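Novice: Questions regarding the structure given below will be posed in turn.
The values are calculated or read from the model by the stated rules, or taken from the named source; none is laboratory data. Note that the structure is predicted; figures quoted are calculated from it, not measured. Here the Cβ is made from the backbone with ideal geometry for all residues, glycine too, and neighbour counts use every protein chain on show.
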Amino acid sequence: MSEVRNWQPTKERVTWLSLATTSVLLPHTTHLPIWISIGYAVFVLWRLLHTFRGVPLPSRWFMMLMVTVVITGAAIDYRSVLGRDAGVALLAGLAGLKTLEIKIQRDAYVVIYLGLFLIVTNFLYSQTIGTGTYMLMVTVVYTVCLRVVAVAGPSETVLYRLNSAGRIVVQSLPLAVFLFILFPRLPGPLWSLPEDAHAGLSGLSDTMQPGHISQLSLSDKVAFRVRFDSRPPPPDKLYWRGPVMWDTDGNSWTANTRPRSRRLPAMEVTGTTISYEMTLEPHGRRWMFPLDVPTYVPRGAMVTPDLQLLSLRKITDRRRIRMSSHVEYSMAALSVGDRGRALALPRGKHLKARELALSMRLRNTNDEALVNDLLKYFREMPFYYTLRPPLPGPDPVDGFLFDTRTGFCEHYAAAFVVLARAAGIPARIVTGYQGGERNPLGDYLIVRQRDAHAWAEIWTAGLGWHRVDPTAAVVPDRIEHGMDAAIPPIIGPDLLGIQPPKGLQEWLRSLRHGLDTINNSWNQWILGYGSIRQRAFLAALGLDARDWRQVGVWILVSLLFCISLVAWWVWRGQQPVPDPVVKLYQGFTTKLSRIGVSTHPTEGPLSLVDRVGSLRPDLRSEVTRIAGLYVGLRYRDDDTTVAEFAQAVKCFRPKQDGK
Amino acid sequence: MAAYSGSMVKKPRQSELTTQSHAVLRQRIYILPTAQGLGYALLLIIMLLGAINYDSSLGYALTFLLVSLALTSTFYTHGNLSGLVFRPGATPRVFAGNTADLQICVRNAIPQPRPAIVVRYDNGRAKKRPMDRPGLVEADLPADDTTSIALPVFAPRRGWLVVDGLTIATRHPFGLFRAWSPIQLELACLVYPRPAGRPELPRRALQHPNSRENEGFDGDDFAGLRDFRHGDSPKGIHWKAAAKGAGLQVKQFAGGGGKEIWLDWLATSGDFEERISQLALWVVKAHEQRLRFGLTLPSGQIEKSQGEAHYHECMGRLAVWEAA
């Protein structure tokens, strides 16, 4: 029982559907394989050419072949069709093919539903304010598609379509907001996510190769934000501790995260405890980045003997963690095994470096003097600090120390640790972040990927492990004033070769801070609105989120509220317009009733004329004229105008007694 | 005669048909999701599971927006029907075996257009043959206007075709929900018998009247006024006269004269319906040839005359005539 008026894939329908699908796929093109993007474009162009120019559509066999090509292509390209990326590629290819073959209404709905699902897949890659806004606009376009595809209706302009779709989306927002707040959030995934679910998250890794951290430093992405309970420590104390690396093969360094326990290793701390709250961006690994030495193991985390703080679960969503740290501490003895590990060097590597270390060792018997000598070496030799170091040759440490002398913090840290070990001082590399930018608007510290850093820790008897930062010897500004001081910002006006005036620089900085404040609120309140935050938020409203019945009642109440709001809104626009002619005629009958001639509701104008004529002959001609005009207007006679009728009714002033 | 399409009745009372109208009340509108709506619900469930699994806040947000969008659309669907007023329109006559376009006047009193209003008539027959398909028409109603829409209904037999139990429905705006409401509107159409049989007129019955040979044949001459009857086109009404209080009158135009003929029941053969079809064919032929003709039935006579009104009177008599 089809009630759909002979559905056709009209030009308007095909155009809107192509526009919608293309706009939802546009952000995906950055990570889709190029052949999918090209294939999609070909399919949609073909369709448009068919609809507008009558180019014939491909045969069924071609379509089946293309479906097979898309599926096998994705399977080969991603080695699976189940992951996030492969799934998106498949959906994109199928959306293009389905657009190409729209024949009946159901095809159009399939295209729309595929597209709506593709909107959600965009959020797996990016959930910024920009993405959110763009996708809201795409949703409006899809609303137009639904409207255009569902029923034919009169043809309308693009603006009218967007306007009415926009209105209905706006009308839907209140309920969506209530559902967003109230719908119970479940923690954690329902089933295990495919491997690539969180690929592309950037951050420090458990291995350090020359060039890895400088790569990170090209990124302006936020690593985490920190809000201190009291005054923050000075910038040169802001060392955020990440992976600790003991072992090297002469080229790369690796971190060991075992054993871990809930108990902190034995150490003595002095000075004040620094308490702070860290909002960690997802980076797909376990490291949390405590300030220097953590003195408290947060819930859901463990600690290794070398003070790496590790989350039990991989950090795949934004997380807020309360932490406390100390910057002054001392540690107990070093075990024999650990001492061996902290002195090990790969056999037959770094020969020139060993030689240098031995010569220094011969000059200094005191460890402290030796370390100073090493730092002096870095300071006085022509070392350069750069984000784009040249390739160091077969032995990265020797090449860096004696050849290029150009490197980033990881080169300095690695070279220093090798030298220290060769000189008989137990040493290890610590990677993490250094510094951070204070946002005066939100009063918090932003630490970005570009603040990634590597430094060394050496063991001194009596003092235990303590930090030595060879980079600080070369570029003290890096430590005291942050990356911007050491190396100009990657993206900025000076890229154009123009040094902006100081005022503009300040203004740009405050603009950046303002934007980050908005971003931070978006992250905290929209993206970070998970089960924990929901519970806290609802509790502030006096609701217990764990009580499903209570939440259910609230959802119902808000549903009713929003529905009556929308109902009022829709029905308000549907109040009948009063017919001016009817209104005037009512005025006329009211005037008659004042002189005692009341009208029956069912009485027509002509019988009224007869009645008035017999009751009040003096009014006969006037009433006849008015009734005639009324009849003429109601039955669409072209000779009569509303104005004429209005004038006649206005002039009709019957007196109580005609005589 | 087997009952069909509602019921076979004697001619309905005219007054009843003209005054009756039906307003669609809010309370009588029903609404249910369509197949597309169920597909949409499935999509939302998948999206919600995805949002939960990937813990994507914007995924939740979009899912809830789409839920809300569908719920909001139900008000548009519902409102698209609410408050419409239906009146039967003037329906043209139709021969049995053809499709009658039953006219319905719909008043949309609101300042917004109402797209895609479906009027549907289920005749309750199995939908095997194409002619048994339900009568169906979809129309877009402009804002604040009255629209006349034609509902095609198959008229299998002569007599009064009375159609009631109509349904109006709409899927506006997204096709996710279908709202419908039964409307209490009785549409009637007089179905003329199917003209069939020998095409040539009965020869012996042809008569040559003495005079009137030279009277004009064209029907454009103004011949005077007569009282307005229901079914007359408003264009024919003499408004000037009406405005002067002379009542509604219709301008009449006269046709020419010619040969005269009696079309007699006794001149036909075959069974009852065949004989009626034969007479109908003769009436059509005689009318086409602009003859003056009269109709003789066992139940009585229609005097010889000519013109549209006479033609319709004869066909009407044939349409409703039942053997005693």
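Novice: Does any residue of the stretch B:308-321 turn out to be surrounded by fewer than 17 Cβ atoms within 10 Å (Cβ to Cβ) and over 23 Å from the mean Cα position of the chain (by Cα)?
Specialist: Checking the stretch B:308-321: not a single residue is surrounded by fewer than 17 Cβ atoms within 10 Å (Cβ to Cβ) and over 23 Å from the mean Cα position of the chain (by Cα).
Novice: Tell me, which residue of the stretch B:280-305 that is closer than 21 Å to B:Val94 by Cβ and out of contact with any helix residue (DSSP H, G or I) (no Cβ under 6 Å at 6 or more places or on another chain) is surrounded by the fewest Cβ atoms within 10 Å (Cβ to Cβ)?
Specialist: Filtering the stretch B:280-305 for residues that are closer than 21 Å to B:Val94 by Cβ and out of contact with any helix residue (DSSP H, G or I) (no Cβ under 6 Å at 6 or more places or on another chain), the one surrounded by the fewest Cβ atoms within 10 Å (Cβ to Cβ) comes out as B:Glu288.
Novice: Kindly list the number of the only condition in (1) more than 15 Å from A:Ser37 (Cα to Cα); (2) surrounded by 15 or more Cβ atoms within 10 Å (Cβ to Cβ) that fails for A:Ile76.
Specialist: Among (1) more than 15 Å from A:Ser37 (Cα to Cα); (2) surrounded by 15 or more Cβ atoms within 10 Å (Cβ to Cβ), A:Ile76 violates only (2).
Novice: Restricting to the stretch A:316-344, name every residue that is in a loop (DSSP other than H, G, I, E, B) and either in contact (Cβ under 8 Å) with a residue 24 or more places away in the chain or of a type in the set (D, E, K, R) (or both).
Specialist: If the condition is that a residue be in a loop (DSSP other than H, G, I, E, B) and either in contact (Cβ under 8 Å) with a residue 24 or more places away in the chain or of a type in the set (D, E, K, R) (or both), then A:Thr316, A:Asp317, A:Arg318, A:Val327, A:Ala332, A:Leu334, A:Ala342, A:Leu343, A:Ala344 are the ones that fit.
Novice: Tell me, yes or no, whether the stretch A:88-109 has at least one residue that is over 30 Å from A:Asn523 (Cα atoms) and out of contact with any helix residue (DSSP H, G or I) (no Cβ under 9 Å at 6 or more places or on another chain).
Specialist: Yes, the stretch A:88-109 contains a residue that is over 30 Å from A:Asn523 (Cα atoms) and out of contact with any helix residue (DSSP H, G or I) (no Cβ under 9 Å at 6 or more places or on another chain).
Novice: Give all pairs with beta carbons closer than 9 Å in which a residue from the stretch A:629-657 that is facing chain B (nearest Cβ under 9 Å) and at pLDDT 70 or above meets a residue that is surrounded by fewer than 16 Cβ atoms within 10 Å (Cβ to Cβ) and part of a helix (DSSP H, G or I); count only pairs at least 6 apart in sequence or on separate chains.
Specialist: Close Cβ pairs (under 9 Å, with a partner that is surrounded by fewer than 16 Cβ atoms within 10 Å (Cβ to Cβ) and part of a helix (DSSP H, G or I)) amount to A:Leu629/A:Glu644.
Novice: Say whether the condition of being at pLDDT 90 or above, assigned to a helix (DSSP H, G or I) and within 11 Å of another protein chain (Cβ to nearest Cβ) is met by at least one residue in the stretch B:13-20.
Specialist: Within the stretch B:13-20, none of the residues are at pLDDT 90 or above, assigned to a helix (DSSP H, G or I) and within 11 Å of another protein chain (Cβ to nearest Cβ).
Novice: Now for a different question. Please list, ordered by first then second residue, the pairs with beta carbon atoms under 6 Å, 6 or more apart or interchain, first in the stretch B:107-118 and assigned to a strand (DSSP E or B), second among the small types (Gly, Ala, Ser).
Specialist: Close Cβ pairs (under 6 Å, with a partner that is among the small types (Gly, Ala, Ser)) amount to B:Pro115/A:Gly153; B:Ala116/A:Gly153; B:Ile117/B:Ala139; B:Val118/B:Ala169.
Novice: Right, something else. Test of understanding: among B:Thr63, B:Thr72, which residue is out of contact with any strand residue (DSSP E or B) (no Cβ under 9 Å at 6 or more places or on another chain), more than 7 Å from chain A (Cβ to nearest Cβ) and buried (at least 19 other Cβ atoms within 10 Å of the Cβ)?
Specialist: Only one candidate passes the filter, namely B:Thr63.
Novice: Applying the selection to the stretch A:396-427, what residues are among the charged types (D, E, K, R) and within 42 Å of the chain's Cα centre (by Cα)?
Specialist: A:Arg405, A:Glu410
Novice: Which of the residues spanning the stretch A:319-339 are closer than 21 Å to A:Ser205 by Cβ and touching a Leu at 6+ places or on another chain (Cβ under 6 Å)?
Specialist: A:Arg319
Novice: Within the stretch A:231-250, can you find the residues that are closer than 20 Å to A:Gly340 by Cα and touching a helix residue (DSSP H, G or I) at 6+ places or on another chain (Cβ under 6 Å)?
Specialist: A:Trp246
Novice: So which residues in the stretch A:293-315 are under 22 Å from A:Arg341 (Cβ atoms), in a loop (DSSP other than H, G, I, E, B) and touching a Lys or Arg at 6+ places or on another chain (Cβ under 6 Å), if there are any at all?
Specialist: A:Thr304
Novice: Would you pick out the residues in the stretch A:576-600 that are within 30 Å of B:Thr77 (Cβ to Cβ) and at pLDDT 75 or above?
Specialist: Listed by number, the list holds a single entry, A:Val582.
Novice: Select from the stretch A:158-206 the residues that are at pLDDT 75 or above and part of a loop (DSSP other than H, G, I, E, B) and write down the one among them that is nearest to the other protein chains (Cβ to nearest Cβ).
Specialist: A:Leu186
Novice: Still on this structure: Need at least 2 residues that are within 12 Å of chain A (Cβ to nearest Cβ) per element, so show me which strands (runs of 3 or more DSSP E) inside the stretch B:152-192 make the cut, counting only ones lying wholly within it.
Specialist: B:166-170, B:177-183
Novice: Picking from A:Met267, A:Met302, A:Met331, A:Met288, which residue would you name as being in contact with a Ser or Thr (Cβ under 7 Å, 6 or more places away or on another chain) and either at pLDDT below 85 or surrounded by fewer than 17 Cβ atoms within 10 Å (Cβ to Cβ) (or both)?
Specialist: A:Met267
Novice: Kindly indicate whether A:Tyr385 is closer than 25 Å to A:Thr406 by Cα and in contact with a Cys (Cβ under 9 Å, 6 or more places away or on another chain).
Specialist: In short, yes.
Novice: For the stretch A:1-110, which fully contained helices (runs of 4 or more DSSP H) count at least 3 residues that are closer than 23 Å to A:Val144 by Cα?
Specialist: A:11-25, A:34-53, A:84-100
Novice: Restricting attention to the stretch A:143-157, which residues are in contact with a Phe, Trp or Tyr (Cβ under 9 Å, 6 or more places away or on another chain) and either over 20 Å from A:Gln8 (Cβ atoms) or more than 8 Å from every other protein chain (Cβ to nearest Cβ) (or both)?
Specialist: Within the stretch A:143-157, A:Thr143, A:Val144, A:Cys145, A:Val148 meet the criteria.
Novice: Next up: In contact with a helix residue (DSSP H, G or I) (Cβ under 6 Å, 6 or more places away or on another chain), within 22 Å of A:Pro234 (Cβ to Cβ) and not hydroxyl-bearing (Ser, Thr, Tyr): does that describe A:Val269?
Specialist: no
Novice: Considering each residue of the stretch A:361-375, count those that are within 22 Å of A:Leu463 (Cα to Cα) and assigned to a helix (DSSP H, G or I), and give that number.
Specialist: 10
Novice: Kindly indicate whether any position in the stretch A:288-301 is more than 24 Å from A:Gly435 (Cβ to Cβ) and touching a residue at least 12 places away in the same chain (Cβ under 8 Å).
Specialist: Yes, the stretch A:288-301 has at least one match.
Novice: Moving on. Give me a count of the residues in the stretch A:118-135 that are more than 17 Å from B:Leu48 (Cβ to Cβ), more than 8 Å from every other protein chain (Cβ to nearest Cβ), out of contact with any Pro (no Cβ under 8 Å at 6 or more places or on another chain) and part of a helix (DSSP H, G or I).
Specialist: Number satisfying all stated conditions: 3.
Novice: Is it true that A:Leu175 is crowded, with 18+ Cβ neighbours inside 10 Å and on the phi < 0 side of the Ramachandran plot?
Specialist: Yes, satisfied.
Novice: Right, here's the next one. Taking the stretch A:544-588, which residues are in a helix (DSSP H, G or I), more than 14 Å from every other protein chain (Cβ to nearest Cβ) and under 30 Å from the mean Cα position of the chain (by Cα)?
Specialist: Matches in the stretch A:544-588: A:Trp548, A:Val551, A:Gly552, A:Trp554.
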